[in-house]
Amino acid sequence: LFVETSLSEGIEIDLPKNQAHYVGTVMRRQFGDALLLFDGEHGEWRGEIVEVAKKRARLRVTGQTRPQEAATGLTLAFAPIKKQRIDFLIEKAVELGVETLQPVLTQRTIASRIGEDRIRAHIVEAAEQCGRTAIAELKQPVRLKQWLIERTSEPLYFADENGGAPALESFRAPPATILVGPEGGFTDEEREMIHAEEAAVAISLGPRILRAETAALAAVTAYMASAGD
Ligand code: SAM
């Protein structure tokens, strides 16, 4: 369970109403039961229920069960796509270990708003589900041009459906960024802008044209399998 309080041995925390309801009513946990907690920064902890009522739950933190996960150093920069598809993309990207999510607005981006609260909730839920102890950071959406100007010199793996080096042979150790385009692809002007970046490496994910979320997840999977841990 993700909690906003910084965790350490011996502290007691009151869960917010929605989580208390989930613990007491949905999970039917009782006095003395243990839950696993994380705050995004200090690993995983055991919390024992010392009080539980309809919309109240108080836990005592009794010890650490796992240290904080190692940073993966992987950023996924993606053009916002339709709601259901973006939700799927976010959930899977978190499971696979992405550390930073950067929405990039392109000329052919359909969505102008990404539903930040909804996406944050998906990030937390996916982290809880797969046992991550870090919460991926969701950055503010930024225009592609602006983002390219402001980024650092870390490698930028640009998923290019028009061809590039095979992804698995291109990746180097983190930190790194993977950039994937919108459903309609990048415009020629945008592709030129990306290729002009010194740190950009065009990668191919095979001869088929993948949907944006498939391409993003294929690239992240390949990266984690070859260069990340
Ligand atoms: N330009 C395309 C079109 O409309 O025919 C489609 C773009 S594709 C649906 C969306 C994004 O996925 C692309 O911008 C690219 O980043 C990535 N992508 C899709 N297939 C790929 C492949 N085989 N290799 C590398 N990237 C790919």
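Looking only at segment 202-221, filter to residues that are more than 22 Å from the chain's Cα centre (by Cα) and among the aliphatic types (A, V, I, L, M); which one of those is surrounded by the fewest Cβ atoms within 10 Å (Cβ to Cβ)?
We begin by selecting, within segment 202-221, every residue more than 22 Å from the chain's Cα centre (by Cα); these are 202, 204, 206-209.
So of that shortlist, the ones also among the aliphatic types (A, V, I, L, M) come out as 202, 209.
Values: Ala202: 19, Ile209: 11.
Among residues in segment 202-221 that are more than 22 Å from the chain's Cα centre (by Cα) and among the aliphatic types (A, V, I, L, M), the one surrounded by the fewest Cβ atoms within 10 Å (Cβ to Cβ) is Ile209.
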Checklist entry - Does Gly131 satisfy the criteria of being exposed (fewer than 15 other Cβ atoms within 10 Å of the Cβ), farther than 24 Å from Glu198 by Cα, more than 14 Å from the ligand (Cβ to nearest atom) and in the same structural domain as Ala216 (by TED's automatic domain parsing)? => result yes
Checklist entry - Restricting the search to segment 92-116, which residues are among the acidic types (Asp, Glu) and modelled with pLDDT under 95? => result Glu116
Checklist outcome for this item: Among Glu161, Glu198, the single one that is within 8 Å of the ligand (Cβ to nearest atom) and not basic (Lys, Arg) is Glu161
Checklist entry - Out of Glu161, Glu125, Glu169, which single residue is assigned by TED's automatic domain parsing to the domain that holds Glu183, part of a loop (DSSP other than H, G, I, E, B) and free of Cβ contacts under 8 Å to residues at least 60 places away in the same chain? => result Glu161
Next on the checklist: Just the residues that are more than 9 Å from the ligand (Cβ to nearest atom) and under 19 Å from Leu210 (Cα atoms), please, taken from segment 145-158.
Outcome noted: Tyr157
Next on the checklist: Residue under question is Thr177, and the condition is that it be within 15 Å of Ala219 (Cβ to Cβ), within 16 Å of the ligand (Cβ to nearest atom) and touching a residue at least 24 places away in the same chain (Cβ under 8 Å); does it hold?
Outcome noted: yes
Checklist entry - Among strands (runs of 3 or more DSSP E) lying entirely in segment 1-78, which contain 2 or more residues that are modelled with pLDDT of 95 or more and surrounded by 15 or more Cβ atoms within 10 Å (Cβ to Cβ)? => result 34-38, 44-53, 56-66, 74-78
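The values are calculated or read from the model by the stated rules, or taken from the named source; none is laboratory data. Here the structure is a predicted model, which means the values were calculated and not measured. As a convention, Cβ positions derive from the backbone with ideal geometry for all residues, glycine included, and neighbour counts pool all protein chains shown.
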